[in-house]
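Computed from the coordinates by the stated procedures, all read-outs in this text should not be read as laboratory data. Predicted, not measured: the structure shown is a model, and the values here were computed from it. In this analysis, Cβ positions are derived from the backbone assuming ideal geometry, glycine residues included, and neighbour counts consider all displayed protein chains.
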Amino acid sequence: MTTTTQSAPAAPPRKVRRYSSTDRVVLTLMLGAPALVVLAFIWGPALGSVFLSFTRWNGVTAMEPVGFQNYQQLATIYPPFWPAMWHNVIWLLVLALVATPLGLFLAVLLDKNIKGTRVYQSIFYLPVVLSLALVGFIWTLLYSQDQGLINQLTGANVNWLGNSDINLWAVLVAASWRHVGYIMILYLAGLKGVDVSIKEAAAIDGANQRQAFFQVVFPTLKPINVIVLVVTVIEGLRAFDIVYIINKGTNGLELLSVLITNNIIGEASRIGFGSAIAVVLLVISLVFIITYLVQTFKKEGAR
Amino acid sequence: MSAATTTPDESHPDRTGTSSATVVTQEEPPRGRHGTGRRSSTSAPSAAPGRKNKAPLRPGRVILHVGLIVWAVLWLAPLAWAVYTSLRPYSETAEKGYVSLPDTLNFNNYVTAWTQADLPHYFLNSLYIAVPAVIIVLFMSSMAAFVLARFSFKLNLFMLMFFTAANLLPQQVIITPLYRMFLSLDIYNTQFGVVLINVAFQMGFCVFVLSNFMKALPDELGEAAQVDGAGVWRQFYQIVLPLTRPALAALATLEFAWIYNDFFWALVLLRDGDAMPVTSALNNLKGAFFTDNNLVAAGAVMIALPTVILFMILQKHFVAGLTLGSSK
């Protein structure tokens, strides 16, 4: 039996195997059905966003092609766009430069043979199992102006979540609370994979702790670093639940994700316009996703 | 060996204390990240690796533990505060303030939150969505992973990327067309639709993890089965799938938690508050039903409990699920 049909899994390069036609139909279905679901509900809509971003449409009357007008308006006459963009950047930077290093630091501390490391790990990981929506909910108990822990403890009267100068930072503390544990787990797994002899060799060589880590251990963590970077960026771009729970993403908590949602769910649904914001988000995330895929699948491509 | 005994850097006790026990005295080559940190390894033959595990109570260790305990207490504080607040009657906290010692601790807030916010209803909704979604996504993704991991063909790598990348997109990127699509397919405002999008969205991660796992199974399995004349479906169902059980268990735990925790899909794709799973229902619960912080706290604790309990019982699976995806 030949294996030249295009639709079915073609001839395996490594070993010559023969599959009956039934087998090939089965294999095609096994891969095809899940692929179709992902194509129809993820990639199709992703392309749909690109298409819609060049139109004006309110969902009821006829769609109208407008070229780059949505993008132009986005950048020039849509007040929340640049603040939202900026908030997303701050979000990313805080996760990447504060929360992620803290997670790495915890992982390094807990990777040592210390007593109770499992207990510590569980505690730091605990917030990760909560949804970001719930995290927002729980932190309002700490931040609330007249009933919150922080104000009652310090005697201050700060409107942590209502003051648009500080609420983003307050929310980022809560978001980081969850992010640190996530990163810690990823790095702990990575560190377990580092050959003990590498760590020891560094110590024997007379390198101090920090040098041993940054010069010897850290470079070997490169695959994990890439994953952590992607996780962090994606979390930063996806951020939505926590601000939506707190004040629907307004008053200093605007994010790109919120603007997209508002433009399609609101009374005046501006689908083309919302899609243009989605495309901005799509392009930014694709840069990182592609970097990640190239890094992750490099080995496999070579085989 | 270099004889520099102290540097400003070493004044951090937690760092000195925790440096690997093989370095008994603080010896250090010229500092600097780009400096020559590495020495010929022959220069220290005396440092026996055997000393590593017996680190007696050194001051550094103590400081490390104190630091970690403080950090851990801070980390638990928000949850502990929620639990504490939830156990106190509103009248008492209104009178004495929230930061005060309790006269009464009881579960009244839980009872009120449970009934007033109709929580059982929303918990059931969460189950109706998460359980089918997890089963379907695991079933479908294990089929795809089986084909991708056990057979080589031209589009192999492309398909793996196709799946993996789909899981990494921010949800909002696809929501606009998805929303229109759900309207025209008549699955907007149905729990079925929410199950469907959760399945589609989580598929990538599951395919990625499962295909990595299945690749590690010995090749001979399939070959032996072929000699027996087993078709690919039997190879999958009777041979590979049973061996994949550990990965499936890990993923089931993780995916259940993720889908339970999903806020966005149901928020946008369901109109009726009644059909919402509990996480998305939070949005309405906050103002409408939970009138004071004590009730909010009780509600928050109850909504957190399913994943927290799951995590405590199946911690191993949780971590395994995440790290299967990351450590290739």
Discussion item. Would the stretch B:257-328 count as rounded, prolate or oblate if I go by the C-alpha gyration tensor, calling it rounded below 1.5 in a/c and otherwise prolate when a/b exceeds b/c, oblate otherwise?
Written reply: oblate
Practice prompt. Quantify how much of the Cα-Cα distance distribution of the stretch A:81-253 extends past 20 Å, in percent.
Written response: 58
Worksheet entry | Per-selection metrics, the stretch B:134-253 (Cα): Rg and Dmax in Å | 16.4, 51
Discussion item. Checking the a/c ratio against 1.5 first, then a/b against b/c, what shape does the Cα gyration tensor give for chain A?
Written reply: oblate
Worksheet item: If amide H atoms are built 1.01 Å from N in the plane of the peptide, which residues on other chains or at least 5 residues away come under 5 Å of the amide H of B:Val99?
Response: none
Discussion item. Under the rule of at least 5 residues apart or a separate chain, name every residue whose amide H is placed under 5 Å from the amide H of A:Thr55.
Written reply: A:Val66
Worksheet item: Among B:250-260, A:219-229, A:66-76, B:280-290, what's the highest-first ranking by average C-beta atoms within 10 angstrom per residue?
Response: B:250-260, B:280-290, A:219-229, A:66-76
Discussion item. I'd like the projected area of the stretch A:33-105, averaged over all directions, using the convex hull of its alpha carbons. Report it in nm² with one decimal.
Written reply: 8.3
Worksheet entry | the stretch A:270-282 - phi-based ³J(HN,Hα) in whole Hz, Karplus 6.51/-1.76/1.60, Gly and Pro as x | 10, 5, x, 5, x, 5, 4, 5, 4, 5, 4, 5, 4
Worksheet item: Across the residues of A:275-288, average count of Cβ atoms on other protein chains within 10 Å?
Response: 3
Worksheet item: If eta is 1.567 mPa s and T is 4 °C, what Stokes-Einstein diffusion coefficient results for the stretch A:16-70, Kirkwood Rh from Cα pairs, in µm²/s?
Response: 90
Response to the item:
Exposure proxy check on A:Ser275, B:Ser152, B:Ser126: fewest-to-most Cβ neighbours within 10 Å is B:Ser152, B:Ser126, A:Ser275
Worksheet item: What average number of partner chain Cβ atoms lie no more than 10 Å from the Cβ of the residues making up A:235-243?
Response: 4
Worksheet item: Roughly how crowded by other chains is peptide A:208-221, in terms of the mean Cβ count from those chains within 10 Å of each of its Cβ atoms?
Response: 5
